[in-house]
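Colleague: I have a structure here, written as C-alpha cells, and I will follow up with some questions on it.
The values are calculated or read from the model by the stated rules, or taken from the named source; none is laboratory data. Everything numeric in this text was worked out from a predicted model, so none of it was measured. Virtual Cβ from ideal backbone geometry, glycine too; neighbours counted across all protein chains shown.
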Amino acid sequence: MFFVSGLAFAGTVNLPKTGQTTCYNIPGSEIPCPGTGQDGEIQAGVAWPEPRFTDNGDGTMTDNLTGLMWTKNASLPGTAMTWQESLNYVSGMNGGTNPNFGYNDWRLPDINELESLNNQGWPRNDDWLEWEGFVVAGGDTWSSTTSASNNSEAWTVSMRYGFVSRYSKSKYYAVWPVRAGQQDSPDSTYPANIWKTGQTTIYVNRDDGDIKAGVAWPNQRFTVIGDCVIDNLTGLMWTKTANLPGVAKSWQEALDYVKGMNTGTNPNFEYTDWRLPNRKELYSLTDFSKYSPALASGHPFIVDQSGTYWSSTSGRTSGNDLAWYYSSNGTLYYNGKTLNLYVWPVRTAPSTYSISGSITGDVQTDVTVSVSGDSTGSVVTDSSGNYTYIGLIDGSYTITPEKSGYIFTPSSKTITVAGANQIEINFQAMACIFTISSVSQSVGSEGGTGSIIVTASKSNCPWAATSNASWVTVTSGSSGTGNGMVNYSVSANSTTTQRIGTLTVAGQTFTVTQQGITCSYSISPTNQSFDSSGGTGSVDITSQSGCAWTATSNDSWITITSGSSGTGNGTVTYTVSANTTTSQRTGTMTIAGQTFTVTEEGLTCTYTISPTSQSFNSFTGTGSVDVTTQSGCTWTATSNDSWIAITSGSSGTGNGTVNYSVSTNTGSQRTGTITIAGQTFTVTQEGITECSAWDDVIAKYQVYVIGHATWSDVITCYNEYASSE
C-alpha cells in the first residue's frame, strides 16, 4: 500500500470569527440561529483566545489572537491629528520625544491591523474595547494605508461603528500606535496572524507601503478550480462569478439563494457546503494597492468593478435590522436588509487532498490507484491546460487529460514520473461538468441564427437545450452526450422595444438580447392643391411592420376622415372644406411625424344683375335690382346721378338686392346709371315737354307743389291744354 499527500490548499493565514453569535430577522428581532445561514449560526473562522487581550502593566495591551501589541490608550496624544501628524507622532515615540512605554519600534497600524479590533458580537465596538481594558475615544482612527484611488485620502476604521472607509488626510482623527506582529511568515504562537495589505507604494516614510507589515501572500494568490477559485492566502473557496445569480438580491434573498445551492435547486459546482460569507471573509479579498475592484492583479474573478456584496453578518451598532456589506473598492458598511446587493458565495476548501491505492505490480511499470477525498481540489492547472500532483512516490508527474477541464475520465492515463519509466494510473470517474462557448448573444430586430458549442467533462455526460422564450427556437441539438453543438434561431422583433430571452444549455444560461425595430416613415404624396370648392384626398404611409404612427390635422378646415392612427403601412383620408374667401390658404397635417401640405385657392367671383335697365315716367318712382354671385363674394352699389338714390343694398356678400328711387323729372327726358357689383344698371326717365293732356296739367301742378315750378307755369300749361281741345 502507499499513501501520497496531494496539494495542500490550507490558507497561509487563519481568519478569525467575527464575534457574532446571535441571529436576527429582517425587522431586527433576535431569532433562533439553526437553518438561517447567518454568521451567528455558522461562526466561521478561528475561535478567539480567552482572554483576548493581556494587560502588560506598562501602558500596553497584547492581542492574544493576532500577536499585535497596542497602546492601552487608543487616542494616545489626547487630541485628534491629521494623517501626517499621526505618522509624525509615532515617529516621535520611536525617537523618544513622545512617551513610548519602553519600545522604539512603534508604527501607525495598517488597515488590516486596525480592522482586526472589530467585534460584531457587541452593539458598540468601543464599549467592548473599553470593557477589555482600553481607553477609547470611539471615533475614526487613522491607518497608515493610503487610498489607491485617491492618494490624498487614507483608510480609517470607526472604533464605535466598525466602518472601514477612507477620508482626506487633512481631517483630524485618533492615533492608536501598534508594534510587533510584522513577520513575513506565519507565527503559530497566535491563532490569527495579520496579512499584508498589498500596498507597496511608499507615499511617505513609515507608512504602510514602507513597512509592509504582516504575513506575505502566497506566490500564487488564487487557484482556479473549474468554476471556483481558491484563495491560497485564506484557504477559502469562492465562486469564480462574484454575482452568481445574475441579479442583485435583498439580504434574506441572498441567504436563501445560497441555501438553494446546497439543496441543489441552484448551481453548486458539486459542493453542498456553501455559505454567505461573513464580514471578515469578504474583507480578506482586498488588495489595498488596487481599486475598482480592489483585488490582486491577475485575479480570476468575474466581478463588477463597483459591485457591493452582502455579508452574513448583521450590523449591531445602529440596529439589528441592518447587515454588513462589502464594496469591491475595499469599504465595509452596513445598510438595511431590504437593499438589493450582489451574492458572492464562499466555502472552506479542504485542507489537504490525497491519492491512495494499491500497488499491483512493479512500481516502475504498473501502478493502479483511485482518487479519494475531494478529488476536484487536488488539481492545479497551468497555462497549457496540464494538471499536476506533487509528491507521488519519488517525484512529481504531469497529467495531460483527454479533454479540457478538471474532470478525469475513467480511462487510463499515461504518466511520466521524473527519473522513471512510464506507468498507468486509473482515476475515479467524477460528476459531469459542462461549459458553453459563450453565455450571451446580441441580435438585430430582423432576427437571425446562432450556435453554442457545448463542452462536457466526459464523453458520456448527457445534456439538453431548451428555450425559455417563445421567440427563440432550438433548431438542432436539443439534447446530446459529451461535446456537441446547439443551433438556434431568433424570430424578427416586430416591436420597438428591446427584449431579452434565455436558453438553458447543459444547465448553463445563455442570454439572447434582441433590439427592437428602428422605425422610419415616408408619406406619398407630400402635398396636394385644391380649388376653392375643396374636396377629398388620401396619403399613403410606408413603414416597417409594428411601427406605430398617428395622423393629426393642424387646421380646422382640413378633417381626417380615416386613418388617424395605424401600424406599419397605411392610408390617411381627409376632406378639405370650401374656401369662402377670395384669399388662397395653406394648411398642414402631421402624418407619422411627416408634414403634409394642403393648398386651397380662394374664390373667383362672377356677378350678374337683373334687370340691367329700367324706364320711368317723369314722376317719382322706385325700383330694385337683383345681384347674383357666389357665396362669399362681396360687392357694392353706387349711384352715378344725383336724381337716382340707393335706398338699401349699397353693399353685400353673395346674392342680394339693391333698392333705389328716382326723383320727379321736370325737364326733358334723361338717362342715369347705377354701378352694381361692377355692372352698369341704366335708368331712363321721361321729361315734361308739352301740356296737351290733362295729365300734363296735373303733373305741372305737382311740380309746382314741390317748389320746382311757379303758379304762372301751371296757368300757362292749362291754357295750352285748353286751346288744344
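Colleague: Could you tell me whether any residue of the stretch 120-134 is under 18 Å from residue 197 (Cα atoms), of a type outside the set (Gly, Ala, Ser) and touching a Phe, Trp or Tyr at 6+ places or on another chain (Cβ under 8 Å)?
Modeller: no
Colleague: Can you tell me which residue among 37, 28, 78, 19 is part of a loop (DSSP other than H, G, I, E, B), under 46 Å from the mean Cα position of the chain (by Cα), in the same structural domain as residue 314 (by TED's automatic domain parsing) and modelled with pLDDT under 95?
Modeller: 28
Colleague: Go through 675, 671 for me and flag whichever is under 29 Å from residue 701 (Cα atoms), outside the structural domain of residue 572 (by TED's automatic domain parsing), free of Cβ contacts under 8 Å to residues at least 60 places away in the same chain and among the hydroxyl-bearing types (Ser, Thr, Tyr).
Modeller: After applying the criteria, what remains is 671.
Colleague: For the stretch 44-55, check the following and say yes or no: at least one residue is buried (at least 18 other Cβ atoms within 10 Å of the Cβ) and not in a loop (DSSP other than H, G, I, E, B).
Modeller: Yes.
Colleague: OK, next. With the condition kept exactly as written, say whether any residue in the stretch 245-252 is of a type in the set (Lys, Arg), outside any strand (DSSP E or B) and assigned by TED's automatic domain parsing to the domain that holds residue 302. Spell out how you get there, then give the answer.
Modeller: From the stretch 245-252, those of a type in the set (Lys, Arg) are 249; that's our starting set.
Narrowing the set further to residues that are outside any strand (DSSP E or B) leaves none.
Checked the stretch 245-252: no residue is of a type in the set (Lys, Arg), outside any strand (DSSP E or B) and assigned by TED's automatic domain parsing to the domain that holds residue 302.
Colleague: If I go through the stretch 227-241 residue by residue, how many of them are closer than 16 Å to residue 216 by Cβ and in contact with a Pro (Cβ under 7 Å, 6 or more places away or on another chain)? Working first, answer last.
Modeller: Applying the first criterion (closer than 16 Å to residue 216 by Cβ) to the stretch 227-241 yields 231-235.
Narrowing the set further to residues that are in contact with a Pro (Cβ under 7 Å, 6 or more places away or on another chain) leaves 232-233.
Summing the residues that are closer than 16 Å to residue 216 by Cβ and in contact with a Pro (Cβ under 7 Å, 6 or more places away or on another chain) in the stretch 227-241 gives 2.
Condition check ((1) under 30 Å from residue 576 (Cβ atoms); (2) polar (S, T, N, Q); (3) modelled with pLDDT of 95 or more) across all residues:
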residue	(1), (2), (3)
443	no, no, no
483	no, yes, no
489	no, yes, yes
492	no, no, no
508	no, yes, no
533	yes, yes, no
538	yes, yes, yes
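Colleague: Residue 164 passes all but one of (1) touching a helix residue (DSSP H, G or I) at 6+ places or on another chain (Cβ under 7 Å); (2) more than 22 Å from residue 44 (Cα to Cα); which number fails?
Modeller: Checking residue 164 against (1) touching a helix residue (DSSP H, G or I) at 6+ places or on another chain (Cβ under 7 Å); (2) more than 22 Å from residue 44 (Cα to Cα), the one that fails is (2).
For (1) among the β-branched types (Val, Ile, Thr); (2) at pLDDT 95 or above, each residue gets a yes or a no:
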site: 562; (1), (2): no, yes
site: 579; (1), (2): no, no
site: 589; (1), (2): no, yes
site: 597; (1), (2): yes, yes
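Colleague: Same structure, new question: What pairs can you find where one residue is in the stretch 92-115 and within 14 Å of residue 73 (Cα to Cα), the other is among the charged types (D, E, K, R) and exposed (fewer than 15 other Cβ atoms within 10 Å of the Cβ), and their Cβ atoms are less than 9 Å apart, with a gap of 6+ or different chains?
Modeller: Filtered contacts from the stretch 92-115: 101/58.
Colleague: Same structure again: Please state which of the following conditions residue 351 fails to meet, knowing it meets all the rest: (1) at pLDDT 50 or above; (2) surrounded by 19 or more Cβ atoms within 10 Å (Cβ to Cβ).
Modeller: Only one criterion in (1) at pLDDT 50 or above; (2) surrounded by 19 or more Cβ atoms within 10 Å (Cβ to Cβ) is unmet by residue 351, namely (2).
Colleague: Still on this structure: Does residue 60 satisfy being among the hydroxyl-bearing types (Ser, Thr, Tyr) and either surrounded by fewer than 18 Cβ atoms within 10 Å (Cβ to Cβ) or without any contact (Cβ under 8 Å) to a residue 12 or more places away in the chain (or both)? First the steps, then the outcome.
Modeller: On the way: among the hydroxyl-bearing types (Ser, Thr, Tyr): yes; either surrounded by fewer than 18 Cβ atoms within 10 Å (Cβ to Cβ) or without any contact (Cβ under 8 Å) to a residue 12 or more places away in the chain (or both): no.
Spelling it out, it is not the case that residue 60 is among the hydroxyl-bearing types (Ser, Thr, Tyr) and either surrounded by fewer than 18 Cβ atoms within 10 Å (Cβ to Cβ) or without any contact (Cβ under 8 Å) to a residue 12 or more places away in the chain (or both).
Residues checked against (1) surrounded by fewer than 20 Cβ atoms within 10 Å (Cβ to Cβ); (2) closer than 19 Å to residue 250 by Cβ; (3) free of Cβ contacts under 8 Å to residues at least 24 places away in the same chain:
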{"position": "283", "(1), (2), (3)": "no, no, no"}
{"position": "295", "(1), (2), (3)": "no, no, no"}
{"position": "305", "(1), (2), (3)": "yes, no, yes"}
{"position": "308", "(1), (2), (3)": "yes, yes, no"}
{"position": "311", "(1), (2), (3)": "no, yes, no"}
{"position": "324", "(1), (2), (3)": "no, yes, no"}
{"position": "336", "(1), (2), (3)": "yes, yes, yes"}
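Colleague: Follow-up question, since we're still on this one. State all residues of the stretch 42-55 that are of a type outside the set (Phe, Trp, Tyr) and in contact with a strand residue (DSSP E or B) (Cβ under 6 Å, 6 or more places away or on another chain); if no residue qualifies, say none.
Modeller: Filtering the stretch 42-55 for residues of a type outside the set (Phe, Trp, Tyr) gives 42-47, 49-52, 54-55.
Those that are of a type outside the set (Phe, Trp, Tyr) and in contact with a strand residue (DSSP E or B) (Cβ under 6 Å, 6 or more places away or on another chain): 42, 45, 46, 54, 55.
Colleague: Ok, one more. Only one of these conditions is not met by residue 673: (1) under 30 Å from residue 570 (Cβ atoms); (2) at pLDDT 95 or above. Which number is it?
Modeller: Every condition holds for residue 673 apart from (1).
Colleague: Right, next: Of the residues 320, 335, which is modelled with pLDDT under 90 and among the polar types (S, T, N, Q)? Steps first, please.
Modeller: Values: 335 fails: modelled with pLDDT under 90.
So the residue among 320, 335 that is modelled with pLDDT under 90 and among the polar types (S, T, N, Q) is 320.
Colleague: Something else: Identify the single condition in (1) surrounded by 23 or more Cβ atoms within 10 Å (Cβ to Cβ); (2) at positive phi; (3) touching a strand residue (DSSP E or B) at 6+ places or on another chain (Cβ under 8 Å) that residue 198 does not satisfy, given that it satisfies every other one.
Modeller: Answer for residue 198: the failing condition is (3).
Colleague: Among the residues of the stretch 698-713 satisfying the criterion of being closer than 17 Å to residue 616 by Cα and in contact (Cβ under 8 Å) with a residue 40 or more places away in the chain, which is surrounded by the most Cβ atoms within 10 Å (Cβ to Cβ)?
Modeller: 699
Colleague: Can you tell which of 223, 265, 239, 272 is surrounded by fewer than 21 Cβ atoms within 10 Å (Cβ to Cβ), under 30 Å from the mean Cα position of the chain (by Cα) and of a type in the set (S, T, N, Q)?
Modeller: It is 265.
Colleague: Return the only residue of 571, 559 being in the same structural domain as residue 588 (by TED's automatic domain parsing) and closer than 30 Å to residue 497 by Cα.
Modeller: Being in the same structural domain as residue 588 (by TED's automatic domain parsing) and closer than 30 Å to residue 497 by Cα holds for just one of 571, 559, which is 571.
Colleague: Restricting to the stretch 222-244, name every residue that is more than 18 Å from residue 502 (Cβ to Cβ) and in a loop (DSSP other than H, G, I, E, B).
Modeller: 226, 227, 232, 233, 234, 235, 240, 242
Colleague: For a quick check of your reading: which strands (runs of 3 or more DSSP E) sit entirely within the stretch 621-697 and have at least 3 residues that are surrounded by 15 or more Cβ atoms within 10 Å (Cβ to Cβ)?
Modeller: Counting at least 3 such residues, we get 621-628, 634-639, 656-662, 670-676, 679-685.
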